[in-house]
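This report concerns only the one structure given below.
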Amino acid sequence: MKIENKITELPELIYNKKDPGFGVVQVPVMLSYDINQIEPTPKVMVIHETKNLSLSPFTSSLHYGQSIFEGLKVYRVNNEQVAVYRLRDHIKRFNQSAKIMCMPQIDEEVLYQACIKYIETVKSYVPQENKHSLYLRPVMFASDDAIKVKISDNYKFLILGSIVGDYFAGREDKRTKILASKKYARAFKGGTGEAKTAANYAISLPALRFANQQGYQQVIYLDAETREYIEELGGMNFFWVEDNVLCTPILSGQILHGITRKSILEIAEILNIPTDIRLIKLEELKRKTKSGDIKEIFASGTAAVMTPIDELGLLNDDESIEKLEYSEFPIMEKIREYLFATQAGNTEYSKTTLTYI
Ligand SMILES: Cc1ncc(COP(=O)(O)O)c(C=O)c1O
């Protein structure tokens, strides 16, 4: 497999360096190739200037959503070097999503080389600003030119880049308010909850709209079957701290295997913070918050890293909302500080999680 690099001089990238926002600053370089079910490893991949795609309006993924993606970050560690966080984990999850969505498996080494070569090419764009980063978006979608529901034979694979800052814009303290509602569900047994696929995000939009209308930024989903057990947010995993034990729901088959979640659990071990991975009912969370046994709740994900939740709204059947409030996050902050230091290349744990370029 060959990677052809058509970039001879990097185009200039102009944006607000103080506040790039999230997902809007587009890196003017991309990697692309076409594959199919019979030949999932391409002979040549091309790195070229970012340009619009030319697609038939009949392209099947536009209609039926057979599409997967990843999101990972590249941080600047010093003037000469950048580092990508848990690249191998993201590659494995990409192929896991592909498997669930009946898409071809791409050789891990090919994906690894594609990401590394892309990062090498755009390295000078990786921001110097604290906590800003280059967000990589590998994406693969069905490109058969036919409007019939079926597993596509052909696919497009792209790596895109975006310079990103804060995910939750607007609040100085970077905390968030989330809404729990039995009315909406995101994933269910036998569905696609474990894949990073377009459908899971599309299905979350009605709930998100409703939550936003009530003044909440995100939704926390309960299991679709009983609507009692807490699963995850629309784009983040969930944690709570109970009697100084860090807890998170088990990966039930409907939840995305979060890479930040995995890091947090590993860091807790390094910092001697006890952990428990178990199911929790919303009712139990409510009761223990009121009794003071649960004092911290927070969410994790590559985009926002770790976000304290200072208000959990519980939507009742009569549409009234009961509020649970949280104000101090000492355990979350301790872990977050270690995670930030790791991503900046400054801890022992950096050695096993960062790939330097
Ligand atoms: C549904 C969902 N859950 C959890 C996460 C967090 O996963 P990670 O920490 O790997 O970014 C994400 C983001 O990727 C997500 O989209």
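Read the figures in this text as sums done on the coordinates, not as results from a lab. This is a predicted model, so every value here is computed, not measured. Methodologically, a virtual Cβ is constructed for each residue, glycine included, from the backbone with ideal geometry; neighbour enumeration extends over all protein chains shown.
Within segment 13-121, the percentage of alpha carbon pairs spaced more than 16 angstrom apart rounds to 70%.
Simple spin-label estimate for residue 39 and residue 26 gives 2.9 nm between the two label positions (7 Å along the Cα-to-Cβ direction from each Cα). The distance separating the Cα centre of segment 63-115 from that of segment 337-354 comes to 20 Å. Legend: calculated FRET efficiency, residue 147 to residue 51, from the Cβ-Cβ distance at R0 = 35 Å, rounded to 0.05, equals 0.85. Anything in the chain that counts as a DSSP H helix reaching 15 Å or more along its axis (C-alpha) with Kyte-Doolittle mean of at least 0.5? List them, would you? Helices meeting the span and hydropathy rule in the chain are 259-270. What the Cα convex hull of segment 178-280 gives, in volume per residue, is 99 Å³. Largest mean-square fluctuation among 214, 105, 26, in a Gaussian network model of the chain whose springs join Cα atoms under 10 Å apart, belongs to 214. Dividing the summed -39500 (n - 2.57) terms of all DSSP H runs of n ≥ 4 by the residue count of the chain sets its mean residue ellipticity at 222 nm at -7000 deg cm²/dmol. Distance between the modelled labels on residue 316 and residue 7, one decimal in nanometres: 5.5 nm (7 Å Cα→Cβ projection). For trypsin sites (Lys or Arg not before Pro), the sites in segment 75-139 that DSSP calls loop and that have at most 15 other Cβ atoms within 10 Å are 131.
I'm a student and want to see the number: the projected area of the Cα convex hull of the chain, averaged over all directions, in nm².
On the way: hull surface 73.1 nm².
Over every viewing direction, the Cα hull of the chain projects on average to 18.3 nm².
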